[in-house]
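The structure appears right after this line, and notes come after that.
The values are calculated or read from the model by the stated rules, or taken from the named source; none is laboratory data. Model, not experiment: these values are computed from the prediction. For neighbour counting, all protein chains shown are included, and Cβ atoms are generated from backbone atoms with ideal geometry for every residue, glycine included.
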Amino acid sequence: MTPPKVSVVIPVYNCRTSIGEALGSVFKQTLAPEQVEVIAVDDGSTDGSGDALDAIAGSRPQLTVVHQPNSGGPGAPRNVGIDRARGEYLFFLDADDYFGPEALERMCATGDEQGTDIVIGNYVGVGRGAARFKKNMARVVVDDPKTNIYGRSLTAHKLFRRDLVERHGLRFPEGMLAGEDKVFTSHALLHSAGVSVIADYDCYYLVDREDGTSIMQNGGSATSGSFTRATRMLMEQVMTHRESGEVRDLMLLRHFHRDVLATFNRRYLESSEKYQRERLDAARDLCEEFLTPSVLMRMPPKYRLVAHCLRSGDEELLSRIIQADLDPEPVPLVADKEHAYLRYPGFREPTATIPDAYFDFTDRLRVQRDITALGWDGDRLRLSGTAAIDRMAPSAQTGTLLLRPKKPGSEHRVAVERHDDGYFTVDVAPASASSGGPLTAGTWDLYMEMTSGGLVKTARLGADRAPEIDAPPPARFVASKDGEGAAVTPFFTREYGNLSFTVTPGTAGLKRLLRFDEVGWDGCELRVRGHVPTAPDSAAHIHLVAGLDRRGGGGSRGGEVEKAAGDERMEFTMVIDVRRLGEGRWDAWLDLLVADETSRIRVQLADTEPSGAVPCAAPGMRRASFYRTGGGNLAVHVVPGRLPTVIRSAKRRFGRST
């Protein structure tokens, strides 16, 4: 018999009211029934859950029910399920939760396609919070600090390749009411060759029981000794399976944040002395054993200070620090030269002797910025919005716009007109030395640098912007007073939506923006209309010369170019008189002149049918028509007119008659 694709393991303890929905979500999966086996392990239920399972199994051959005495936690029944499983993949479904209909099919298909050991389907919290993913990740490695998949979710509600589990002997710790799933998942992640994330489909629904009887709702995770045991096991696994460095630090940081230091909160202050003593002793031991200086300094100030109090045994200061964080007003911020400190209790108190570095908040300060208006004002790109260092008075700050080249080079600094409320306006004139230019060719990124005293913070501009700014301003040709010019093309970056622009100087930039719109005859004159996006001041520095060259040599015919500058674009018309053109093919061209640079381009046409013929010499002598070449360029074809054709025909007849 072909083994199933996936084995769904369900530990059951007193879940009679919810087990039907959980199993129903398995039976409704779009994955074929024969590809899904369900192993439900009744862990000594006393509410009739075991009988309910047996009743369902009678009509569902894919469901196997195992009964056993209560083991004191979900680890043992899950391990029984692992031992009985035959599927290529394992999934651990809690009896309170349920699947989206396509969950298993999508997760198995992703695991097959990517060859990953673990697949995470997006979570939905029902009456509780849940980790959510914003984008699909085909394949990531656990050690990638950018994705930080290890720190996102350590619940066991994931698809695991069974070969990974068996190859490394992965099992759940038994007899623990909480935290055992994190130990298993952490161990699996540390051994996995790759992880996939499905963000565009809600695969798993995490449900809080309405009667509040689940372990997590009762706070079992915080009170049970098993949770401390689980935390120690997590840290030991990280220390065992990762070398010292950034990756290990980030993993340990995750456990200290969520599993150790975050528990010193309001509940701690309101708990019994016995509970406080248990938490203090357990957390102190973990800090002494696993909290390295590099991990400590990656923490925010509050957790550095909590860890200090745990190690020093200063319980009174610990309580004051927790209370300060609970107060409605945020902890005050103190700027001192180039640093900013959170003034928690103990800051520069002689009796506390805590280093200033523990209070340092500088690297966590953010520039809050928002672009509210963005567009061209003549030859200048104008930005308006708000910018200020968070938690500091806007009136005490100054701002400077930084233009940084993508390739190595010098940044340009542009003065910002700023008001006390944090509102700013700044003009970028890429071709003007007085406003940070002229900028060299390439891509330029925009940053806002905010300064308060000796404190300097910098942030990219563009991602945070008003909803109506859904597209960047159009590209434009800009020129300086001395005639130097460039094409400037603003854009929002693909990954983060930040504002950047490219600069293409001289005639190369003009060529990039120039467009030919229409071609036609006006009597014997060939007229080509086009435009360049530019402002009137810059249009004055653009010079155009038009003409025709005879193909194969033998002549050139010049023309005139009429220009008309508007607020947003310069329109031009090439005018070439084709009278007295000799027979043959003539190619149209346009010379672009910017400052001391000249560049000739061919006249490009969109799909255009050949024109009718017009006379281009004495009546009846020659005719001209224009057409689009195979390369998309404009050409004029001059052929003999009706009179020369008649004369040649007469000569042929006369010659035969003589």
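Counting the residues of the range 245-275 that are of a type in the set (Ser, Thr, Tyr) and touching a residue at least 40 places away in the same chain (Cβ under 8 Å) gives 3.
Filtering Ile19, Ile10 for residues that are part of a helix (DSSP H, G or I) and of a type in the set (Val, Ile, Thr) leaves a single hit, Ile19.
For the range 176-207, the candidate set comprises residues that are assigned to a helix (DSSP H, G or I) and β-branched (Val, Ile, Thr); within that set, the residue that is farthest from the chain's Cα centre (by Cα) is Val183. Of the numbered conditions (1) within 28 Å of the chain's Cα centre (by Cα); (2) surrounded by fewer than 21 Cβ atoms within 10 Å (Cβ to Cβ); (3) farther than 29 Å from Ala565 by Cα; (4) not acidic (Asp, Glu), Leu455 fails exactly one; give the number of that condition. All conditions pass for Leu455, except number (1). Number of residues in the range 263-286 that are among the hydrophobic types (A, V, I, L, M, F, W, C) and out of contact with any Phe, Trp or Tyr (no Cβ under 8 Å at 6 or more places or on another chain) equals 4. Restricted to the range 512-530, and to residues that are in contact (Cβ under 8 Å) with a residue 40 or more places away in the chain and within 14 Å of Pro610 (Cα to Cα), which residue is surrounded by the fewest Cβ atoms within 10 Å (Cβ to Cβ)? That would be Gly520. Just one residue in the set Arg277, Arg298 is among the basic types (Lys, Arg) and assigned to a helix (DSSP H, G or I); that residue is Arg277. When Arg348 is tested against (1) in contact with an Asp or Glu (Cβ under 9 Å, 6 or more places away or on another chain); (2) crowded, with 16+ Cβ neighbours inside 10 Å; (3) outside any helix (DSSP H, G or I), only condition (2) is not met. The range 393-481 holds strands (runs of 3 or more DSSP E) entirely within its bounds, and those carrying 2 or more residues that are small (Gly, Ala, Ser) map to 442-452. One residue stands out in the range 301-345 among those that are in contact (Cβ under 8 Å) with a residue 40 or more places away in the chain and assigned to a loop (DSSP other than H, G, I, E, B): the one that is surrounded by the fewest Cβ atoms within 10 Å (Cβ to Cβ), namely Lys337. Sub-7 Å Cβ pairs linking a first residue in the range 11-32 that is assigned by TED's automatic domain parsing to the domain that holds Ser49 to a second residue that is among the charged types (D, E, K, R) and in a helix (DSSP H, G or I), at least 6 apart or interchain, are Pro11/Arg78; Gln29/Glu105; Thr30/Glu105; Leu31/Glu105, ordered by first then second residue. Within the range 592-644, the set of residues being among the hydrophobic types (A, V, I, L, M, F, W, C), under 22 Å from Gly530 (Cα atoms) and not in a strand (DSSP E or B) comprises Ala595, Val603, Leu605, Ala606.
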